[in-house]
Amino acid sequence: MEEIRNMSQYAPGGIEEKWYAAWEEAGLFGPDPDLEGDPFVITLPPPNVTGILHMGHCLGNSIQDTLIRWARMRGQPALWIPGTDHASIATEQVVSRQMAAEGIDKREVGRDAFLERAWNWKDQTHGRITQQIRRLGCSLDWSREAFTMDEARNRAVTEAFVLLKEKGLIYRDVYLVNWCPHDLTAISDDEVEYQEIEGHLWHLKYPLADGGGHVTVATTRPETMFGDTAVAVHPNDPERKQLIGKMVKLPLTDREIPIIGDHHADPEKGTGFVKITPAHDPNDFEVGRRHDLEQVICMTPAGVMNEQAGAFAGLGRSECRQAVVEALDKDGLLDKTEKHVHQVGHHDRCGHVIEPYLSRQWFLKMDELAAPAVKAVAEGEIKLFPERWVGVYDNWMNNIRDWCISRQLWWGHRIPVWYCDGCDEEIAARTAPAACPACGGGKLTQEEDVLDTWFSSWLWTFSPLGWPDQTPDQEKFHPTSVLVTAPDIIFFWVARMIMASYEFKAEKPFAEVLFHGIVRDDQGRKMSKSLGNSPDPILLIDEYGSDALRCSLVMLTPTGQDIFFSEATLEVGRNFCNKIFQATKLVLGTWEEAGLPDGNPNDTAPRILEIESLGSADDWAERPAGLFAELWTGVFGGTPPVELQDGDLRLEDRWILGRLLDTVSGCGANMEKRRLNDAAYGVFNFFRHEFCDWYLEAIKPRLRDEQERGPVLATAVLGLAVSYKLLHPVMPFITEELWSWLPPSRGFLMNSSFPGFRGKTPFQRECAGFEQVMEIVGAIRNLRNELGVQPGKRGRAILRVPGDAVAAELTGGLALIALLAKMEDAEVVVGGPDPSPAGATVAGAVEIFLPMEGLVDLDKEKARLNKELAGIENWMKGCRAKLANEKFTANAPDHVVQKQKDLLAENETKAGKLREMLDALG
RNA sequence: GGGCGAAUAGUUCAGUUGGCUAGAGCGCCUGCUUUACACGCAGGAAGUCACAGGUUCGAGUCCUGUUUCGCCCACCA
């Protein structure tokens, strides 16, 4: 410790790792079994097990850890469950790519060999991501860690599937799904990302079979014409409806297809004729079903034209597009080509253009599941912050579509359905059935497909607690308290978790959802690998410290708003860490010099500290030293190092105690409101500007005085300790470290009390008094600066007041004023002539004169005072007009009117004094 | 096409139920090796609160419209 104490600047290296290990070893990450009261539970949104930590994780995890640590210190059994996600497609892609780089085709080696490799990869990367999360300081209960594809979670997924299947909510159908020709799997609607593409609209002529001319269809995808099975016009289209029933010759083929009437065709759009390709377009699919059209598939799953395309077979879909257009043009069947901007779906994982593709998939019916989930949010049983997301949620839930849950992948939960070779029976079962229940046949084949990743994550509030088994954890910790996540997965995950919980647990999954912003770069762009604008958080932690990163993220993150991140923002956190460190060094250095006792080793502080229960503001005024000692006991467990008398608590001590309790109160209120940034910012401001800039400066002479330093050290150490407590949820490492330095501290800060205060702030009179000191000091500093007084030149400050009462109020602060304004001394006079020559200014009812022989430039001084006077007069003009307005005095609340009157009086006095000063200058 | 969000100092953002002589960090200017801290201290400059109307005694805040930027949703050929 000695070594750290001697650091000239705070360097977090080593300290952070040390405390994380110490907390873990002490078993502080799990819920404290001795605590009663409502548990506070969060399940960590599981990061991709093969991924690495990014800034988004840092923000979300910092918020969660802040909440968890706060709740833990408040005395609730706090549980934060870690876990990782198998991330089906993402992981399969990575592993396939690795294999491809070695020249291995995954389809050649087969499912089992591929999975073995994937599991190995998972085992390697799992340690990396969890290690990174530890670096952040997250107080997760690692003994309860879960993985979406581990044994227990497998059972949960199977159970969920079978229950839904038995209920008839899961069905299998041949349907047009979003197909990724690159990854060769179906994906859900939500995994499709639409991008605006500048394409073309080709007008193609389809000759009528009877030779009487042609119809012109407009399309963005001519290559799908080989799958056309009709041309549609609107049934009420006056100009075209008479063609319904006729046949057209499909160019480049020998097929004839009918012209049908369907309202899908809009007479106002395109040419009024639409080619219908039921196997390759979602709208056409619907049209095809309505008219019982044949579904002609003209591509392979990989997006290559098949035999339906005749001479074009074997071409890729985009090559074929060019070729078809050229061929039609040659035949005179290309009417025209227009530029056309439209939205094209891409796979959000690999970026390839989605192909609507006809295939047999598994679906989950959603409307029945959605109903209770919509109700829960509408009725406020689950609260969303910020509230505006309720609208987005409702809109999606009310238009919910069935969820395609099967994926043609290997890395995932294999669908627990077996097909009987004998009778085609479909058996959904929790374990592999021995024989077919229908025909008794013993030859059963399991479904090849796996489930969508989100089919395991939607169980995430209860599967980590042991569901479907009846576990004590489930009873105790479900529903969970808060879900913290970014809003971009509100549909993928949040909405589905709500549905799953009501379906399987018949209760809500969490009481509230806290949506935080997305971390962007300093130009507002999303962080992405391809842009290379995503910093590695671990490198940032190495350089700035985890506390700095957490502090900056939490403090600078307005609720739910995206944040623009640049490394400069980390300096705020880092500098603040150093500030706390330096202040501690100053106070403890003096403590050691003074040789104060460390306190009794057996002292134990209460686990919960509600400061208002110690006494009221009046009690504080009456016996401040007694209550101070009680507060000390509440914080440290023992008694103060010296016996304090009421008189030991001076103006500045009482002021800082008042401010401290006010900060405790504001911090708690903001935490309750989930305004984490305000909570952190309030403590930051208190500590930096009030505690360091004013209080520590004010007590320096007393710290050097052997007679006086005992009592003032007690106040300073208490101020440090309470500040650490308030800051600990956001900056766990440095606060734990510095807490351990405080001689009277016992045990870990992490599971000590988080002070609460809901009472009326004590020492209001002293607070006002100190604020007057601050104002006068500010005025003198300003004056000195404007006059260009040498910093080393001290001299006397004369404070002229109108009467004895004001003078009496001031006397107690004179020494402080002289100290803080760097004057030789300060003196109060009642009335009397202007000292001259002197620089002069006004602070409230106090006129301030700095007699400065030869220093004052008369003209400059006059100009300065005139400028100030003009500003005040201008303001007073407006204020008088306002007060003269009867409507204002009649309508505005009394306190507002009174405030205006007070301000006016104050400014009038000040203006009067400024005029007198000007007169005195001649 | 529909919805949501943002617009306040050079910049990044606070500003909660209307009471504001509009704040903070960074940056800028001036001064300071004051025995915790230059990752610091003190002082200062800097704003038509996007625009136009309206409600009100009073609008950064509420209402209507407009502009610009961003995001989400939607099957438009």
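Give segment A:552-588 a look and list any residue that's within 7 Å of RNA strand B (Cβ to nearest atom), of a type in the set (Gly, Ala, Ser) and touching a residue at least 60 places away in the same chain (Cβ under 8 Å), or say none.
The one that is within 7 Å of RNA strand B (Cβ to nearest atom), of a type in the set (Gly, Ala, Ser) and touching a residue at least 60 places away in the same chain (Cβ under 8 Å): A:583.
So residue A:521 clears everything in (1) modelled with pLDDT of 95 or more; (2) of a type in the set (D, E, K, R); (3) surrounded by 17 or more Cβ atoms within 10 Å (Cβ to Cβ) except one condition, right? Which one?
In the conditions (1) modelled with pLDDT of 95 or more; (2) of a type in the set (D, E, K, R); (3) surrounded by 17 or more Cβ atoms within 10 Å (Cβ to Cβ), residue A:521 misses (1) alone.
Using the structure shown, decide if residue A:155 is part of a helix (DSSP H, G or I) and of a type in the set (D, E, K, R).
Answer is yes for this residue.
Can you name every residue in segment A:364-408 that is among the basic types (Lys, Arg) and assigned to a strand (DSSP E or B)?
Answer for segment A:364-408, where residues must be among the basic types (Lys, Arg) and assigned to a strand (DSSP E or B): A:383, A:407.
What are the residues in segment A:284-298 that are surrounded by fewer than 17 Cβ atoms within 10 Å (Cβ to Cβ) and within 10 Å of RNA strand B (Cβ to nearest atom), if any?
A:286, the sole residue that qualifies.
Are any residues in segment A:885-900 more than 6 Å from RNA strand B (Cβ to nearest atom) and either among the hydrophobic types (A, V, I, L, M, F, W, C) or surrounded by fewer than 13 Cβ atoms within 10 Å (Cβ to Cβ) (or both), and if so, which ones?
Of everything in segment A:885-900, those that are more than 6 Å from RNA strand B (Cβ to nearest atom) and either among the hydrophobic types (A, V, I, L, M, F, W, C) or surrounded by fewer than 13 Cβ atoms within 10 Å (Cβ to Cβ) (or both) turn out to be A:886, A:890, A:894, A:895, A:897, A:898, A:899.
Working only within segment A:247-271, note down all residues that are assigned to a loop (DSSP other than H, G, I, E, B), among the hydrophobic types (A, V, I, L, M, F, W, C) and free of Cβ contacts under 8 Å to residues at least 40 places away in the same chain.
A:265
Of (1) within 16 Å of RNA strand B (Cβ to nearest atom); (2) under 21 Å from residue A:920 (Cβ atoms); (3) without any contact (Cβ under 8 Å) to a residue 24 or more places away in the chain, residue A:837 satisfies all except one. Which?
Just one mismatch for residue A:837, condition (1).
Please give the number of the condition residue A:264 fails out of (1) within 47 Å of the chain's Cα centre (by Cα); (2) within 26 Å of residue A:304 (Cβ to Cβ); (3) within 10 Å of RNA strand B (Cβ to nearest atom); (4) not β-branched (Val, Ile, Thr).
(2)
I'd like to check something: does segment A:739-751 contain any residue that is modelled with pLDDT of 95 or more, part of a helix (DSSP H, G or I), under 30 Å from residue A:78 (Cα atoms) and in contact with a His (Cβ under 9 Å, 6 or more places away or on another chain)?
Yes, segment A:739-751 has at least one match.
Of (1) free of Cβ contacts under 8 Å to residues at least 60 places away in the same chain; (2) out of contact with any strand residue (DSSP E or B) (no Cβ under 9 Å at 6 or more places or on another chain); (3) over 20 Å from residue A:250 (Cα atoms), residue A:322 satisfies all except one. Which?
Result: residue A:322 fails condition (3) only.
Please work out which one of (1) surrounded by 14 or more Cβ atoms within 10 Å (Cβ to Cβ); (2) free of Cβ contacts under 8 Å to residues at least 40 places away in the same chain; (3) farther than 20 Å from residue A:916 by Cβ is the condition residue A:817 fails and give its number.
(2)
Filter segment A:377-403 down to the residues that are more than 14 Å from residue A:560 (Cα to Cα), within 13 Å of RNA strand B (Cβ to nearest atom), in contact with a strand residue (DSSP E or B) (Cβ under 8 Å, 6 or more places away or on another chain) and of a type in the set (A, V, I, L, M, F, W, C) and list them by number.
Hit for segment A:377-403 is A:403, nothing else.
Does residue A:733 satisfy being over 24 Å from residue A:590 (Cβ atoms), at pLDDT 95 or above and assigned to a helix (DSSP H, G or I)?
The answer is yes for residue A:733.
Within segment A:51-81, how many residues are buried (at least 23 other Cβ atoms within 10 Å of the Cβ) and outside any helix (DSSP H, G or I)?
So the count comes out to 4.
Quick one: residue A:481 ticks every box in (1) of a type in the set (Gly, Ala, Ser); (2) in a loop (DSSP other than H, G, I, E, B); (3) in contact (Cβ under 8 Å) with a residue 24 or more places away in the chain bar one, so which box is it?
All conditions pass for residue A:481, except number (2).
Given the structure, is residue A:244 surrounded by 17 or more Cβ atoms within 10 Å (Cβ to Cβ), away from RNA strand B (no atom under 15 Å from the Cβ) and of a type in the set (A, V, I, L, M, F, W, C)?
Here the answer is no, as residue A:244 does not meet what is asked.
Taking only pairs six or more apart or across chains, which ones have beta-carbon atoms under 8 Å, a first residue in segment A:490-504 that is free of Cβ contacts under 8 Å to residues at least 60 places away in the same chain, and a second residue that is surrounded by fewer than 20 Cβ atoms within 10 Å (Cβ to Cβ)?
A:501/A:479; A:501/A:507
What about residue A:744, is it touching a residue at least 40 places away in the same chain (Cβ under 8 Å) and within 27 Å of residue A:17 (Cβ to Cβ)?
Judged against the criteria, residue A:744 is a match.
Can you tell me which residue in segment A:672-693 is nearest to RNA strand B (Cβ to nearest atom), limited to those that are over 18 Å from residue A:552 (Cβ atoms) and outside any helix (DSSP H, G or I)?
Result: A:673.
Considering each residue of segment A:305-348, count those that are surrounded by 13 or more Cβ atoms within 10 Å (Cβ to Cβ), within 13 Å of RNA strand B (Cβ to nearest atom) and hydrophobic (A, V, I, L, M, F, W, C), and give that number.
So the answer is 1.
Say we look at segment A:349-363 and pick out the residues that are within 16 Å of RNA strand B (Cβ to nearest atom) and part of a strand (DSSP E or B); which of these is surrounded by the fewest Cβ atoms within 10 Å (Cβ to Cβ)?
This residue is A:353.
Residues are listed down the side, and each one gets a yes or a no for (1) in contact with a Pro (Cβ under 8 Å, 6 or more places away or on another chain); (2) within 16 Å of RNA strand B (Cβ to nearest atom):
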site	(1), (2)
A:161	yes, no
A:168	no, no
A:172	no, no
A:196	no, yes
A:203	no, yes
A:209	no, no
A:215	no, yes
A:222	no, yes
A:228	no, yes
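Please determine whether any residue of segment A:864-872 is surrounded by 13 or more Cβ atoms within 10 Å (Cβ to Cβ), under 30 Å from residue A:828 (Cβ atoms) and within 8 Å of RNA strand B (Cβ to nearest atom).
yes
Condition check: out of contact with any His (no Cβ under 6 Å at 6 or more places or on another chain), away from RNA strand B (no atom under 16 Å from the Cβ) and closer than 23 Å to residue A:906 by Cα. Does residue A:801 satisfy that?
Judged against the criteria, residue A:801 is a match.
Please state which one of A:465, A:483 is over 18 Å from residue A:160 (Cβ atoms), surrounded by 24 or more Cβ atoms within 10 Å (Cβ to Cβ) and at pLDDT 95 or above.
Just one listed residue meets the conditions, A:483.
The values are calculated or read from the model by the stated rules, or taken from the named source; none is laboratory data. Predicted model only: the values in this text are computed from it and were never measured. Glycine also receives a Cβ, built like all others from the backbone with ideal geometry; neighbour counts cover every protein chain displayed.
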